[in-house]
1. Pick from the stretch B:2-12 the residues that are surrounded by fewer than 16 Cβ atoms within 10 Å (Cβ to Cβ) and not polar (S, T, N, Q): which of them is modelled with the lowest pLDDT?
2. Taking the stretch B:47-66 only, how many residues are in contact (Cβ under 8 Å) with a residue 60 or more places away in the chain and assigned to a strand (DSSP E or B)?
3. How do the pairs read when you match residues in the stretch B:67-96 that are over 21 Å from B:Glu24 (Cβ atoms) with residues anywhere that are assigned to a loop (DSSP other than H, G, I, E, B) and hydrophobic (A, V, I, L, M, F, W, C), using Cβ under 7 Å and keeping only pairs 6 or more apart or on different chains?
4. Please tell me if A:Val104 is more than 12 Å from chain B (Cβ to nearest Cβ) and free of Cβ contacts under 8 Å to residues at least 24 places away in the same chain.
5. Applying the selection to the stretch B:230-250, what residues are within 14 Å of B:Ala185 (Cβ to Cβ) and surrounded by 16 or more Cβ atoms within 10 Å (Cβ to Cβ)?
6. Within the stretch B:232-248, which residues are at pLDDT below 90 and in a helix (DSSP H, G or I)?
7. Name the single residue, out of those in the stretch A:41-77 being touching a helix residue (DSSP H, G or I) at 6+ places or on another chain (Cβ under 9 Å) and not in a helix (DSSP H, G or I), that is farthest from the other protein chains (Cβ to nearest Cβ).
Amino acid sequence: MKGLFKSKPKTPTELVRATRELLVYVDLHWNSHEPKRAEKMAELSKLIRELKLILYGSSESEPVAEACAQLTSEFFKENTNTLRLLINCLPKLDLEAKKDATQVVANLQRQQVHSRLIASDYLEANKDLMDTLITGYDHVDLALHYGHMLRECIRHQSIARYVLESEHMKEFFRYIQLDHFDISSDALATFKELLTRHKSTVAEYLLKNYDWFFADFNSKLLQSSSYFTRRQAVKLLGDILLDRSNSATMMKYVTSKDNLMILMNLLRENSRGIKLEAFQVFKLFVANQNKPPEIIGILVTNKDKLLRLFQDFKPDKEDEQFDADKAQVVNEIKALEPKKAAPS
Amino acid sequence: MEQLSGKRFPTNPKDYKIYEEVGEGVSATVYRALCIPLNEIVAIKVLDLEKCNNDLDGIRREVQTMSLINHPNLVRAHCSFAADQSLWVVMPYMAEGSCLHIMKTAYPDGFEEPVIATLLREVLKALVYLHGHGHIHRDVKAGNILVDINGAVKLADFGVSACMFDTGDRQRSRNTFVGTPCWMAPEVMQQLHGYDFKADIWSFGITALELAHGHAPFSKYPPMKVLLMTLQNAPPGLDYERDKRFSKSFKELVGACLVKDPKKRPSSEKLLKHPFFKHARTNDYLARTILDGLSPLGQRFRVLKVWF
């Protein structure tokens, strides 16, 4: 008859409440020598694991929509600040609980309650949480967890805008060059997401911040001493400039002599990876129908070198689009004439 | 309860002294090396980024998974950093190399059953952990089961870029579409629907046969033929004359994994409860039985490179 007295499994709502109570406890009692602390931490880890199982299901069962919705509404219930508590307590959790908590936060960003993304409403009112997540990149033990949460949060357009307009954008140029590859590549993935996901916001942002942004992009990334940074940066630059919604920024970029020179240096690198990506941007300078005289001047001066470079220049795989682009660039350069000196 | 990850491995290539090559894959080479400041022997996987066309996102995910892993049967990355055009992933050094290595050197016809049970149990514990965290390994095979000098067993490599400690089979088929498909589940070959954790269970079953025979079923055939045989023939099993030496529970385990319909294969968690694993012994047993008298890994690697 033992089964009769087994405690009923907690509902999703009760699970969130229990988690919250423990988070508050951990938050308050962190520095005290509370004898029960280890026990409470173990309990907290277990609860976070259970939240994850509800949201993701297990190898035996699929997640249930109703349970997910209950969990989400309790999690973001007014005046409870569960997300803030969880983010703040993350450094205190062990590795497994950190991973589980990260997956929970990531998943909650996509959960709808009455067809609303209520996570977005919460973040809207608590934007400073983004500051915490971003500065995680400076902490080896937190970077990947906070980084993953951050990428999920900037799925919401207003949150992405907040990050774009913050001072943190300048810091990203440093984060993506940190020594640890797993961290720097995570920062780069976030940076890329910020600059490509929400088209209208990005277009507006780039125009408004054109001067400092591209000055930093050129000097810190495209001219970095790290091969990996240069390669990733030139790829990202191509993605940004070739996006139709950024055409105004693109037109501005391709009229600058300094930009052209940087791209031509990348074209001359030994790395095929960098060369091919640099070509994607270089072709825009050539295709511009209103080339300023100084751009024409540089292209004409380097005409022979460029044509020689393009002779045996192609990607590993057959690529019709690339061949067509290259043919057009070659023709365009061949047709360029130096400005004739006026007859005296 | 901040985890004390203890040692911080340096992220400067100058802090490592590279010794001999101990493995290679399509776009990576693995070396034995010394981490000078910590005075610790490590394995370093050096990936040539120029050869990894545009799958840098895939590499990021693989490396991140490896650095967040926390399980005795999985190889965790100590750290990773870019060095010129390559990416270095620093990992624990598994002194005895892979099971494929060990078989090729000393057990060409496969291992004894208690050895197989011990190896497979350790691998399965790794799969339970990975699946619990939503990862599919995608490349379970003897070449990715690494053994340390004390008999500890770890599953390596998350399948994207290269195969640690693996020469031979994959090398020969480098120019075909995906390497040898011997371990690949039918649903992965068909590419009709997405596949899930159950694909690893199929590969696990093939790996069981590999450890029992010294090679995977169909391994002598060209890749296209393997595809057809996997899709059209009955699943391979332990039913040849030479397999009489194996127990009924081993045959049942293989049969449970190698079912064509992925839904009918057990989960890794369930499989771990299979009676076959009662035959499993300790790591120490592995060290005493299969590792005794093997020559050092670097030397074996050189010999294998000549022969396979």
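1. Ranking the qualifying residues of the stretch B:2-12, first place goes to B:Glu2.
2. So the answer is 1.
3. Final answer for the pair search is B:Ser67/B:Ala77; B:Arg76/B:Ile69; B:Cys79/B:Phe9.
4. So A:Val104 fails the test.
5. Hits for the stretch B:230-250 are B:Thr230, B:Pro235, B:Pro236.
6. B:Glu241, B:Arg242, listed by residue number.
7. A:Lys77
Residue-wise test of (1) more than 9 Å from chain A (Cβ to nearest Cβ); (2) within 23 Å of A:Thr190 (Cβ to Cβ).
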| residue | (1), (2) |
| --- | --- |
| B:Asp48 | yes, no |
| B:Asp57 | no, yes |
| B:Met66 | no, yes |
| B:Asn73 | yes, no |
| B:Ala77 | no, yes |
| B:Asp84 | no, no |
| B:Val90 | yes, no |
| B:Met94 | yes, no |
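The values are calculated or read from the model by the stated rules, or taken from the named source; none is laboratory data. Treat the numbers as computed from the prediction; the structure is a model and nothing was measured. Glycine gets a Cβ as well: all are built from the backbone with ideal geometry, and neighbour counts include every protein chain shown.
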